[in-house]
Every structure is written in structure tokens, then in C-alpha cells.
């Protein structure tokens, strides 16, 4: 790369000799080598992420998944050999995202997850845009927990998330392991 860079510096803007074309060819070959070297790493990262997500999804489905989620999961697994054979990190990531969606659906029904998210949101109250609305939702959230009304707590969590600035919402979604 250094020698190509030095050669490029020696060429003038209006140079149309074979030297310019040879240099362009060298740059193209370097780009191909870099792509080839990093493609395997991206593929490995995508496969590892997919396998980890698949296992997490499998466990959640066994514990509290519904028939619809099982069907989607099984459909993805049945397609696994086909999308893995493409060796496309994007295709594999797409399937990881589909599994992650199932994980999110299950988590948002889980009382432990809803309580944990509510506790995190309590710690973010000072950042919320409307403090009186936040206080009202927090009071309602505490009552929902006491009465074990998980559907209401889910709605309250969404309401509290809406009161946060975007960067705080992104930070929480990173901490809980998936996008909101």
C-alpha cells in the first residue's frame, strides 16, 4: 500500500500513461485482498452471533414461547443450511435479527423483564422530558407491579421510554440486549 501510495503521488493529474492504469490495477488488487481478508472475519462474527442468538431463542421458547413463535423459530432453523451456504454475513445477520425479534416478543411478556426494565427506567427519571407525566407513570407502574398487572406495566414501560431522549433510549436498549 505504501509503494502504491508513493507511485500515486508521483503521477500528475493529467497522466494517462500505462503507469496510471497499472497503478489503478494495483489499487483494485489491494482492495480485493482486504475484502477477502475481512470477509471471513465478518462471516465468522455473523455465524457466531447467529448461533448465540439461536440458543438464547431456543431456551426462551422452551420456557415461555407460544405456538406462533415456535413455528417461526422452526422455519428459520429449517432454512439454516440454505442461508449458511450463501456465506453472506448479511443473510445470516437477517436471520439473527428475526430470532432477536422473537426474543423481544417473549421478553416483553415476562414479568421479570418488565420489572427489570421498570427499575432501569426509574434510574433514568431525571432525564425524562416531562417530569409530571413520568411521576404519574411511575406511580402507575408501582401499582401495576403490586397488582401483578403485567400488561399495564408493559404499557407504562413504553410510556416511560417515550419520555426519554433518543440517546438514553439507545443506551437502555443496548443494556437490555436488543432494540426497542
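Worth pointing out:
- Spherically averaged projected area in nm², based on the convex hull that wraps the Cα atoms of the chain: 16.3 nm²
- Per residue of the chain, the DSSP helices (runs of n ≥ 4 H) give a summed -39500 (n - 2.57) that works out to -27000 deg cm²/dmol at 222 nm.
- Each distinct pair of alpha carbons in the range 111-176 adds a 1/r term; the inverse of their mean, the Kirkwood radius, is 11.6 Å.
Every number in this text was worked out from the coordinates using simple rules, so none of it is lab data. Just so you know, these numbers come straight off a predicted model, no measurement behind them.
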